[in-house]
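These notes are about the structure you will find just below.
The values are calculated or read from the model by the stated rules, or taken from the named source; none is laboratory data. Being a predicted model, the structure only gives us computed values, none of them experimental. Cβ sites come from the backbone with ideal geometry, for glycine too, and all protein chains shown count toward neighbours. Protein only, heavy atoms only, side chains kept; ligands, DNA and RNA dropped before computing areas. Shrake-Rupley method; radii C 1.70, N 1.55, O 1.52, S 1.80 Å.
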Amino acid sequence: MREVEGRRLCQEFSAGYYGLCTVGGMLSAGATHLALTPLDVLKVNMQVNPIKYNGISSGFSVLWREQGPSSLWRGWSGKLFGYGVQGGFKFGLYEYFKKSYSDLLEGHSRSSIYFLSSASAQFFADVALCPFEAVKVRVQTQPYYAKGLADGFPKLYYSEGLSGFYRGLFPLWGRNLPFSMVMFSTFEHSVDFIYRKIIQHRKEDCSRTQQLGVTCLAGYAAGAVSTIVSNPADNIVSSLYNKKADSIVQAVKNIGFGNLFTRSLPVRIALVGPLVTSQWFIYDTIKVLSGLPTSGGVNRQLEEA
């Protein structure tokens, strides 16, 4: 790793570093969400119409038969640009807040710093994402609503006004805040556990390939755990965006408390596990190619409380 250290593009925790993390987050989130658009289309339709789309294989068959293969890529622009913007905010601000909170809250537990940092970053990331998500969900579940963002944005604005873009902001926070808090914390602790208990070497003593392997293992664990936590709010978001309910309370009643946790969960795990793993892999690959260490684990800013 000394060889890499000698050709860093920027120093850690500099303005350039946070800019690089933001770009890395945009590229990793935008690319991975775009690649998994077909699964996302199925997931949203399973949430909105669970009787018709009652399984992964049968759901794909219904979409293909009734709406054609192009339906599987409906909403791709919202995935690419919306989640690209969100990823930039999420990863870039997480790095910034983690450093800021670790300096400000010296002596506090690492978990509390991870929770606060990820929640703060996700708060702003969802404000940026919400308009894209509002259009995307409508495009995916209403075949003749719009072709994408270009015609979807003006149509939504003319029909519902500015409030239509942020109709689902609170449930989006309800879904993504716990997801992000659990995801980042699980990732950080998983990385630390793998180096301490399994590899039993410091990160700095491992090769870049080994470091990226640790990133992938920790990323998948983080994705699976956080998916279970956020599933109820994800169902509520889809219900509100498609006007199946006028309020969060009504959405819960319509879906059923038990169904909040189980509806579309298998497809979400199939979607989010590889998604989060790929995001962390691309993000850390960009870091490594820039001469920076991979993410996660204890460092000099985050000592044990």
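Solvent-accessible area of C216, all protein chains in place: 40 Å² (probe radius 1.4 Å, heavy atoms, ligands and nucleic acids excluded).
At 1.4 Å probe size, with every protein chain present, just tell me what the per residue accessible area of the chain comes to in Å². Could the numbers behind the result be given before it?
Values: 13560 Å² over 305 residues.
Result: 44 Å² per residue.
Rounded to the nearest 10 degrees, the inclination of helix 37-48 to the longest alpha-carbon principal axis of the chain is 50 degrees.
In deg cm²/dmol, rounded to 500, what helix-only [θ] at 222 nm does the chain give when every DSSP H run of at least 4 residues adds -39500 (n - 2.57) and the total is split over its residues? Write down the numbers at each step before the final one.
Details: 12 runs with 213 residues, N = 305.
After summing the helix terms and dividing by residue count, I get -23500 deg cm²/dmol.
Indicate the gyration tensor shape class of segment 124-165 (rounded, prolate or oblate), computed on the Cα atoms with a ≥ b ≥ c the square roots of the eigenvalues: a/c under 1.5 is rounded; otherwise a/b larger than b/c is prolate and the rest oblate. Judged from the Cα gyration tensor, segment 124-165 comes out oblate (a/c at least 1.5, b/c at or above a/b).
With every protein chain in place and a 1.4 angstrom probe, the accessible-area ranking of R196, R167, R268, largest first, reads R196, R167, R268.
Compared with the dominant principal axis of the Cα atoms in the chain, helix 208-241 is inclined by about 30°. For segment 66-161, the carbon plus sulfur part of the accessible surface works out to 66%, probe radius 1.4 Å.
Looking at segment 34-116, which trypsin sites (Lys or Arg not before Pro) are DSSP coil and have at most 16 other C-beta atoms within 10 Å of their C-beta?
Details: sites: K43, K52, R65, R74, K79, K90, K98, K99, R110; in loops: K52, R74.
Sparse-neighbourhood loop trypsin sites (Lys or Arg not before Pro): K52.
Residue ranking by accessible heavy-atom surface, 1.4 Å probe, largest first, among R208, R175 comes out as R208, R175. Estimated from the Cβ-Cβ distance and a Förster radius of 35 angstrom, the FRET efficiency linking L104 and E160 is about 0.30. Here each label is just a point 7 Å from Cα along the line to Cβ, and for D205 and S57 those points are 4.9 nm apart. Extending 7 Å from the Cα toward the beta-carbon at both Y144 and V127 defines two label points whose distance is 3.9 nm.
Relative to the longest principal axis of the chain, what angle (0 to 90°, nearest 10) does the C-alpha long axis of helix 149-160 take? Compared with the principal axis, the helix lies near 60 degrees. Ranked from largest to smallest solvent-accessible area, with a 1.4 Å probe on the protein heavy atoms, M183, M46 come out as M46, M183.
Extension gain, F170 to Q67: 0.36 nm times the residue separation minus the Cα-Cα distance gives 33.9 nm.
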